[in-house]
1. If Trp149 satisfies all but one of (1) open to solvent by less than 30 Å² (accessible area, probe 1.4 Å); (2) more than 16 Å from the chain's Cα centre (by Cα); (3) touching a residue at least 40 places away in the same chain (Cβ under 8 Å); (4) within 22 Å of Ala187 (Cα to Cα), what's the number of the condition it fails?
2. Do we have Leu341 as assigned to a loop (DSSP other than H, G, I, E, B), crowded, with 18+ Cβ neighbours inside 10 Å and touching a Pro at 6+ places or on another chain (Cβ under 7 Å) here?
3. Anything in the stretch 224-238 that is touching a strand residue (DSSP E or B) at 6+ places or on another chain (Cβ under 8 Å) and either surrounded by fewer than 23 Cβ atoms within 10 Å (Cβ to Cβ) or assigned to a helix (DSSP H, G or I) (or both)? List them, or say none.
4. Kindly indicate whether Arg81 is in a strand (DSSP E or B), modelled with pLDDT of 95 or more and not polar (S, T, N, Q).
5. Quick one: would you say Thr208 is among the polar types (S, T, N, Q) and surrounded by fewer than 23 Cβ atoms within 10 Å (Cβ to Cβ)?
6. Can you pull out every residue in the stretch 152-173 that is surrounded by fewer than 16 Cβ atoms within 10 Å (Cβ to Cβ) and farther than 16 Å from Gly192 by Cα?
7. Could you list, in sequence order, the residues of the stretch 55-68 that are in contact (Cβ under 8 Å) with a residue 40 or more places away in the chain and either small (Gly, Ala, Ser) or not in a helix (DSSP H, G or I) (or both)?
8. Got a sec? Which of Ala286, Ala276 is within 16 Å of the chain's Cα centre (by Cα) and closer than 17 Å to Asn309 by Cα?
Amino acid sequence: MYRLRGVLLPGEETVELWIDGAGRLSEPLRGAETLVDGGFIVPGLVDAHCHIGLGSGGGVDLEEADAQARVDRDAGTLLVRDCGSPIDTSPLQARDDLPEIIRAGRHVARPKRYIAGVAQELDDPALLPDAVAEQAAAGDGWVKLVGDWIDRGAGDLAPLWPDDVLATAIDTAHRAGARVTAHVFGAESIPGLVRAGIDCIEHGTGLTDDVIAEMAARGTALVPTLINVETFPGIADAAVRYPAYAAHMRRLHAGAAEVVRRAVEAGVPVYAGTDAGGGIAHGRLADEVIALHRAGLPATEALGAASWNAREWLGRPGLEPGARADLVVYRRDPRIDLTVLHEPALVVLRGRPVHAGT
């Protein structure tokens, strides 16, 4: 049994929290050990776009996936929306020392239109609804589509799916109780995805004002993965055989922060995701929150996009009576200086201290 005292964000009041033997927030407990007396308490952080089980060369073994999850945990990420993994990470979900993982199964793509060996690849786009049903059954309420990727015949980004097939596939997922998200860089594929009722757009660097307005009206979320977007110039530099694609990626990189700013101003729900796995290291959620703030989110909203707001979006409670005690403590107020997020003083997962800062 534990006691914590500190300012509970996003509020301003100093509170006392009590954790019972089952790891849940409770009424005051006699004899509880004091873990913290002072500081700033934040509901467990959320990486809304992460890939546990994916490495630079494709799928990794469970031992390495375990290590990835522990890196995220020690940085304060206690809930992960895993946006597609080529391996089955469900054994990690049984571990009480790792973050909760909400799995999306495997990406769904076309042949040679995504990273080799990562996605379920469909020769015929008409098979998409069946594949979506399969991935909805395999995951935890999310399905991940690849919405666009380089078409080497065209030499640039291009959509993977016809609009009518998307509409049927997304309806199939919704009827199965799953939400759908899509990897999208450019502008061409996004209108069809949004009109088809997609629940979230990942990256979204090509969003136009018209699509932003429709996303806001529908409540379609955006996870911009801005620290991933920082890799675009390097991708462009390597694409010497495809100059149109390279120039396109550079333009998308240059305008990414402005896209986020316009989306926020329009009322699109925005959440923090690192795209860790592959080219982005795990444990960098703080960098994404800082990038969102630089793009126009007020500091409190940028933090909420990686904590209380993201938890609500994913259907997980915050720090309320009876809820599981997943929280992070900081010595200083991260709303004043978001770099504080790099230095958690204490991480409590399922009511147990799992990491203490130096």
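The values are calculated or read from the model by the stated rules, or taken from the named source; none is laboratory data. The model shown is predicted, which means the values in this text are computed figures rather than measured ones. Glycine also receives a Cβ, built like all others from the backbone with ideal geometry; neighbour counts cover every protein chain displayed. We work out accessible area using only protein heavy atoms, side chains counted, and drop any ligands, DNA or RNA first. Shrake-Rupley method; radii C 1.70, N 1.55, O 1.52, S 1.80 Å.
1. Among (1) open to solvent by less than 30 Å² (accessible area, probe 1.4 Å); (2) more than 16 Å from the chain's Cα centre (by Cα); (3) touching a residue at least 40 places away in the same chain (Cβ under 8 Å); (4) within 22 Å of Ala187 (Cα to Cα), the lone unmet condition for Trp149 is (1).
2. No.
3. If the condition is that a residue be touching a strand residue (DSSP E or B) at 6+ places or on another chain (Cβ under 8 Å) and either surrounded by fewer than 23 Cβ atoms within 10 Å (Cβ to Cβ) or assigned to a helix (DSSP H, G or I) (or both), then Ile227, Asn228, Val229, Thr231 are the ones that fit.
4. Working: in a strand (DSSP E or B): yes; modelled with pLDDT of 95 or more: yes; not polar (S, T, N, Q): yes.
Yes, satisfied.
5. Numbers: among the polar types (S, T, N, Q): yes; surrounded by fewer than 23 Cβ atoms within 10 Å (Cβ to Cβ): yes.
Spelling it out, Thr208 is indeed among the polar types (S, T, N, Q) and surrounded by fewer than 23 Cβ atoms within 10 Å (Cβ to Cβ).
6. Arg152, Gly153, Ala154
7. Kept after step one, since they are in contact (Cβ under 8 Å) with a residue 40 or more places away in the chain, are these residues of the stretch 55-68: 55-56, 58-59, 68.
The answer is Gly55, Ser56, Gly58, Gly59.
8. Exactly one of Ala286, Ala276 is within 16 Å of the chain's Cα centre (by Cα) and closer than 17 Å to Asn309 by Cα, namely Ala286.
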